[in-house]
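Structure, as structure tokens:
The values are calculated or read from the model by the stated rules, or taken from the named source; none is laboratory data. Predicted, not measured: the structure shown is a model, and the values here were computed from it. In this analysis, Cβ positions are derived from the backbone assuming ideal geometry, glycine residues included, and neighbour counts consider all displayed protein chains. Surface areas here come from the heavy atoms of the whole protein model, side chains and all, with no ligands, DNA or RNA. Shrake-Rupley method; radii C 1.70, N 1.55, O 1.52, S 1.80 Å.
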Amino acid sequence: MKKTIFTALLLASLSGFAQQNSLLSQDFWKTNPGLDAVKAEVAKGNNPAELNPNAFDPVVMAINGNASAETVTYLINQPGNGVKKPTHDGRNYLHWAARTGDVKLVEYLIAQGSDLNLEDTHNYTPAQFAAANGQTNTAIYDAFFKAGIDPKKKYKDGVNLLLIAIPADKDLTLANYFVSKGMSLKDVDASGATAFDYAARTGNIDQLKALIKAGVKYTDQAVVMAAQGSRRSANTIEVYKYLVEDLKLKATATTAEGQTVLHFLARKENQADIIKYFISKGVDAAKADKEGNTPLMLASAGKDVQVLQTLLTGTKDINAVNAKGESALTFAIQNSNAEVAALLIAKGANVQIKDKKGNNLAYHLVEAYRAPRGNQPDDFTAKLTLLKEKGLNLAAPQQDGSTLYHVAVVKNDVALLKKLSAAGIDVNAQNAEGLTALHKAAMVAKDDSVLKYLVSTGAKTNIKTEFDETAYDLAGENELLQKGKVSVDFLK
Amino acid sequence: MKVFYKLCLALLLLASFQASAQTSKYKCLLQMSNYIGEGAYITVSLINAKGEYEKTLYVMGDDAQWYNSLKEWYKFYSKKPKLSAKTGASVAGGDRSVTVFEIEDSKIGKGYKLRFETAVEDQKYHATDVEIPLTAEGLTAKTDGTGYIRYVKLSKQ
């Protein structure tokens, strides 16, 4: 009992530290703070240019929290910010302002020289990002067109703004506006996908019928696009039946990458019935895409046992691998739980499988490790125990000589090393580059905890790398340890 | 028949010419600084005296989806998106990569450079994190990086 209270207190104080910068807290922006309140927070020492781990900064938090243009402008002009600063997913401030639809701010950012053509990591420019998020305020697009963006511009894969916006454009208001700017409802992308096909992503049957009425054609791509859905949603079986049975579109359609509907459905939740429907319509459950991934592999990264069972009945080779040499079991070990992994093993999945680089399943397990948060179950230990029980040698080095300790030290988590302590791994093993786990830890450590733990379990401090360096030398060059003024004398 | 002879001769000449292009091997230790963030994508390119990309020697980063984050190199790569270069995993903060390059001896001292270009998700891109002149001195020195790379050290094998 005492221990629980102590842990709770510790967690509370830790999360207190993590939330130090009030300007990065969503809750702060929910209170609709005025400019003076924001200035007061800055005066208290909250850094207006700090990036959180996902590269959101106070300016982005303010824009997404619908702060006034006055407040956002003030923040943009603080040292360390400015219109050229990259943020989450490679976006500039104009991306975010265009998405929220703040016309004044968009005009300000354009006037300040924001890059109108900057593509984020999803290849979206600010105007595309607004359209993709269903921004219906046409004044935003007016601002972009006035600044020189050609309304008829074709972006990556030949899409235009109309096609990007249409899945969220239920009553076609935006589409009609774009048509008035020179685009057409009959525009298609480079692969020939139509506005109808794009609209199938959100599967609003009334909208789809309205598009047909307006003369828009539909193609087999609509089926795959419906299965892709949107980021947060999945389509109902009625939508698929409308496409496949009423419109006679091909259930077996594939993307340019060779993916069928099943590749997308296998990654979404609660799709067992729809998957069965498509298998009954002739879609091959074992078909690999161009990277060699099968629907079974993708489903094995999830936790839906019913979907797995369905896909397994159509699978001849449970040990098929993708281009990286990963099987369905590799996917399960990386991302799912012991129950799914055990199911695959029971159906004949090979526990000794190695990928193209010669790494075994234990490598993938450690490589994919994330510290469990809150009440999350300890999937890691359950999967590790399972692999051991099924005969995998956890002490064996990988092809490049790395042991599980080499892989684990990168995670900077003593708890992970402790979970591996019973595996019988040689803590002083050197990999092909002559590095021990202690060397590796000295290079990547953020504090001394992992280093001290390794030394306590018998890691030798006098082994040298092929470049004649000791762990002490390597730790001495580690900028994070220097910055934290961490003494590494115990490595001498 | 005559044509056939000529062709054979041409092929023979070509083969002997290629064999005579002397190359040397260099071991390259690339040491990252302890920056905070995801593993860096890095390309090592051979840059000619005019400052143009001539050849990609090494690509660190497995997922072609992120190649476009290496903006300058990507312009060169995307013209002919086929890689003959070595590839490896992306390199995390503090970690290192050790590899061996083969460089033609005829390129030494002719104004060529080795360019190390780096990109980290959601962070600044460095078009020339490290640039090493292809000279006898450059190829044995330790060169400090200006971005995510702490230093690069080359040694002739």
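Worth a mention:
- Proximal charge balance of B:Asp105 [Cβ under 13 Å; K/R count +1, D/E count -1]: +2
- Taking trypsin sites (Lys or Arg not before Pro) across segment B:12-113, the ones in a DSSP loop with at most 13 further Cβ atoms lying within 10 angstrom of their Cβ are B:Lys50, B:Lys79, B:Lys82, B:Lys110.
- Added length on full extension, which subtracts the Cα-Cα distance from 0.36 nm per residue, B:Lys142 to B:Ser78: 19.9 nm
- Per DSSP, loop trypsin sites (Lys or Arg not before Pro) in segment A:71-129 with at most 16 further Cβ within 10 Å: A:Lys84
- In a fully extended conformation the segment linking A:Thr121 and A:Lys152 would gain 8.9 nm over its present Cα-Cα distance, using 0.36 nm per residue.
- Heavy-atom accessible area for B:Ser97, with the other protein chains in place and a 1.4 Å probe, reaches approximately 10 Å².
- Gyration tensor (alpha-carbon) shape descriptor, segment B:22-156, a/c threshold 1.5: oblate
- GluC sites (Glu not before Pro) within segment A:439-479, DSSP loop, no more than 15 other Cβ atoms inside 10 Å: A:Glu466
- Take each residue in A:53-65, count the other chain C-beta atoms within 10 Å of its C-beta, and the mean is 1.
- A:Asp400/B:Asp63 FRET efficiency (R0 25 Å; Cβ-Cβ; nearest 0.05): 0.80
- Using the Cβ-Cβ distance between A:Glu291 and A:Arg231 with R0 set to 22 Å, the FRET efficiency works out to roughly 0.55.
- Global geometry of segment A:353-405, whether rounded, prolate or oblate, following the gyration tensor of its Cα atoms and the 1.5 cut on a/c: prolate
- Net +/- balance of residues flanking A:Tyr363 in space, Cβ distance below 12 Å, scoring K and R +1, D and E -1: -2
- Anisotropy class of chain A from Cα gyration tensor, a/c 1.5 cut: oblate
- For chain A, hydrophobic long helices are taken as DSSP H runs at least 30 Å long by C-alpha position along their axis with mean Kyte-Doolittle hydropathy of 0.5 or more; none is present.
- In this simple spin-label model, placing a label point 7 Å from the Cα along the Cα-to-Cβ direction at both B:Ala127 and A:Ile205 gives a separation of 5.5 nm.
- Other residues whose C-beta falls under 13 angstrom from the C-beta of B:Glu131 contribute a net charge of -2, scoring Lys and Arg +1 and Asp and Glu -1.
- Inter-chain Cβ neighbour count for B:119-125, averaged per residue, equals 4 (cutoff 10 Å, partner chain atoms only).
- Computed from the Cβ-Cβ distance with R0 of 45 Å, the FRET efficiency linking A:Lys217 to B:Lys25 stands at 0.15.
- Relative contact order (percent, whole number), chain B, Cα cutoff 8 Å, 6+ residue spacing: 32
- Taking chain A and dividing mean pair separation by its residue count, relative contact order in percent (alpha carbons under 8 Å, at least six apart): 5
- Each chain gives up part of its surface: A and B jointly bury about 1900 Å² of accessible area, both sides summed, for a 1.4 Å probe.
- All alpha carbon pair distances within segment A:400-491 were sorted into 5 Å bins beginning at 0; the resulting P(r) in whole percents reads 3, 16, 29, 26, 19, 7, 1.
- Were the residues from A:Glu466 through A:Ala346 laid out at 0.36 nm apart, the gain over their Cα-Cα distance would be 38.8 nm.
- In degrees, nearest ten, helix B:2-20 long axis to first principal axis of chain B (Cα): 40
- Average beta-carbon neighbours from other chains, 10 Å sphere, peptide B:29-36: 4
- The amide H of B:Tyr151, built 1.01 Å from its N in the peptide plane, has B:Gln31, B:Gly145 as neighbours under 5 Å, considering only residues 5 or more places off or on other chains.
- Annotation: aspartates and glutamates with alpha-carbon distance below 18 angstrom to A:Lys419 (same-chain offsets under eight excluded): A:Glu367, A:Asp378, A:Asp379, A:Glu389.
- Residue among B:Thr23, B:Gly93, B:Met60 farthest towards the positive dipole end of chain B, charges placed on Cβ: B:Thr23
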